[in-house]
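Laboratory data are not the source of any read-out in this text; all were calculated from the coordinates shown. Computed from a prediction, not measured in an experiment: that's the story for all the values here. Quick reminder, even Gly has a Cβ in these numbers, built from the backbone with ideal geometry, and neighbours come from all protein chains shown.
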Amino acid sequence: MDFQFSDEQKMFQESVRRLSLKHFAPKAFTWETGSGGSYPWENAKILAENGLMGMRLPEEEGGQGASLMDCVIAIMEITKVCPHTGDVFQAGNFGAIQQVAFLGNEKLKKSVLPKLLAGETIITAAMSEPNAGSAVTDLRTTARFEGDNVVINGSKIFNSNGDSAGYFCVWCRFGTGVASSGAVIVPADAPGFSRGKTEHHLSGEHHCMLYFDECRVPKECVLMSEQGFKKLMSVFNVERMGNASRSLAVAELAYEKSLQYVKERKQFDRPLCEFQGIQWKLADMKLRIEQARWLLYKAVVEADRGLPSALDSSLAKLACNEASEFVCREAIQIHGGYGLSKEYPLAYLYARARGWVIAGGTVEMLRNRIAVEILGRNFDQRPPKPPVVKE
Ligand SMILES: Cc1cc2nc3c(=O)[nH]c(=O)nc-3n(C[C@H](O)[C@H](O)[C@H](O)COP(=O)(O)OP(=O)(O)OC[C@H]3O[C@@H](n4cnc5c(N)ncnc54)[C@H](O)[C@@H]3O)c2cc1C
């Protein structure tokens, strides 16, 4: 398998790097935790103006008809300069926008996609619930049709950038049982919708609770109303590739900063890079990055009609998440006290990498999925049901 970028892809990579350095570098690392502390709308506009939103959508829907690999190239270059602008690219290309693009009806697409592509608003994935995290099939949020509307009740947790979003892709049930799972696109101004207070992850990323109390939206907002779970998950594998790409980009950034630091910092009258203990750390960091890159590119190159397989995307996300956490942890160690200081970006990069080990499917759940795929059998995670005694 050949993972060499074409000349066009190399030029594209270079142009995204230049754009990021020019526009996103000045305020990088300030958005979540620094004076900014808010969603970088100005960067969303710049991405939109440069055709970097909805890149995979067909041209007639406002996109560029770009490949998944083009999106991976772009998100990595942007994230390496400004991780939070990488999140903006994620929302505009890999996130719930894909659910609308793949599963939405024409009316819904026409009303939602232009605003997302213009960088005016974002859509988030509202899957997790207080009692349905890894066991997302246990979700309790309900939807019922009522005339020309659909009515939603329930709550969602850990909604990334939920405080800034204009739309939510709400996973819910239209009846009882997993077979009745589906999803509805809910605009933030829908009657019966409200958000909890803004909360923060370790890295400062914003999240909040979402509440649906007889929340009413037109029935055109329904993406799927039955047998939706498998389809939603297969589109969600695209989201995982964005998660994996940002993990890898953060790892590369921490590694490059470490390489530079070990040549400059001296102890015992020698640069750190002359100590074997440090050299081995660098070798291990490089190893993890290249292993993860191989699995990510494989998943993306082999994506069937743009949707990576469950096995490939699980392997790629697992490898990138764990490589990133490992590399960022080692980078902190290499930088000593400076590594942990909030004045330098390494502690922040570690916090980002740490989040992705949990977000979008924990590394434990990815291992479960890989086991199912390689063994060709499902393993019920639930306790066995007691036998029914016939009287
Ligand atoms: C940075 C970040 C951003 C997020 N953004 C979003 C978002 O935008 N939208 C959204 O809907 N959700 C979001 N989430 C929530 C995320 O999807 C959940 O946190 C995740 O799915 C785990 O669910 P949980 O937190 O309820 O943990 P639990 O499911 O309670 O799991 C706790 C621990 O038990 C392990 N575990 C559980 N079941 C098993 C099993 N069968 N086998 C082995 N181990 C198991 C888990 O791996 C984990 O280590 C985000 C989370 C983070 C950290």
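General observations
- Between E274 and E391, the contour length at 0.36 nm per residue exceeds the alpha carbon distance by 34.3 nm.
- Its DSSP H runs of at least 4 residues, each contributing -39,500 (n - 2.57), put the calculated 222 nm mean residue ellipticity of the chain at -16000 deg cm²/dmol, to the nearest 500.
- Prolate/oblate/rounded call for region 34-92, Cα gyration tensor, a/c under 1.5 rounded: oblate
- Cα gyration tensor shape for the chain, rounded if a/c is under 1.5, else prolate or oblate: prolate
- Using alpha-carbon coordinates, inclination of helix 229-264 to the longest axis of the chain, degrees: 10 degrees
- Label sites at N105 and S134, each approximated as a point 7 angstrom past Cα along Cα to Cβ, lie 3.8 nm apart.
- Ranked list, fewest to most other Cβ atoms within 10 Å of each Cβ, for W294, W171, W280: W280, W294, W171
- Other-chain or far-sequence residues with amide H under 5 Å of I122's (modelled H): G166, Y167
- Contact order, relative form, for region 1-110: 28 percent (alpha carbon pairs under 8 Å, 6 or more residues apart, mean separation divided by residue count).
- Crossing angle, helix 68-81 versus the chain [Cα axis fit, 0-90 degrees, rounded to tens]: 50 degrees
- Inter-part distance where region 88-108 and region 3-33 are each reduced to a Cα centre, Å: 23 Å
- Within the chain: Cβ-based charge dipole about Cα centre, in debye rounded to nearest 20 (Lys, Arg +1; Asp, Glu -1): 640 debye
- Mean separation of Cα contacts under 8 Å (6+ apart) over length of region 230-375, as relative contact order %: 32 percent
- Gained length - T142 relative to Y211, 0.36 nm times residue gap less alpha-carbon distance: 23.7 nm
- Integer Hz, Karplus 6.51/-1.76/1.60 couplings in order for region 287-302, x for Gly and Pro: 4, 4, 5, 5, 4, 5, 4, 4, 5, 5, 4, 4, 4, 6, 5, 8
- Panel order for D380, D284, by other beta carbons found within 10 Å of each beta carbon, from fewest to most: D380, D284.
- Helix 310-334 axis, angle to the chain major axis (alpha carbon atoms, nearest 10°): 40 degrees
- Proximal charge balance of R329 [Cβ under 12 Å; K/R count +1, D/E count -1]: -1
- Amide H within-cut-off set for M224, under 5 Å, with H built and near neighbours excluded: A183
- Residues considered: A316, A125, A188. Largest GNM mean-square fluctuation over the chain, using C-alpha springs under 10 Å, is found at A188.
- Restriction of the chymotrypsin sites (Phe, Trp or Tyr not before Pro) in region 181-223 to DSSP coil positions whose beta-carbon has at most 16 other beta-carbons within 10 angstrom yields no sites.
- Selection from L307, S160, T124, by position along the positive dipole direction of the chain (Cβ): S160
- Mean separation of Cα contacts under 8 Å, 6 or more apart, over the residue count of the chain: relative contact order %: 14 percent
- Backbone HN-Hα couplings from phi across region 133-139 [Karplus 6.51/-1.76/1.60, Hz, Gly and Pro as x]: x, 4, 7, 5, 5, 7, 4
- Using θ = phi - 60° and Karplus 6.51 cos²θ - 1.76 cosθ + 1.60, couplings along region 193-205 (whole Hz; Gly, Pro as x): 9, 8, 10, x, 5, 6, 10, 9, 7, 3, 7, x, 4
- From the alpha carbon centroid of region 167-221 to that of region 264-330 is 35 Å.
- Three-way shape label, region 123-226, alpha-carbon gyration tensor, a/c 1.5: oblate
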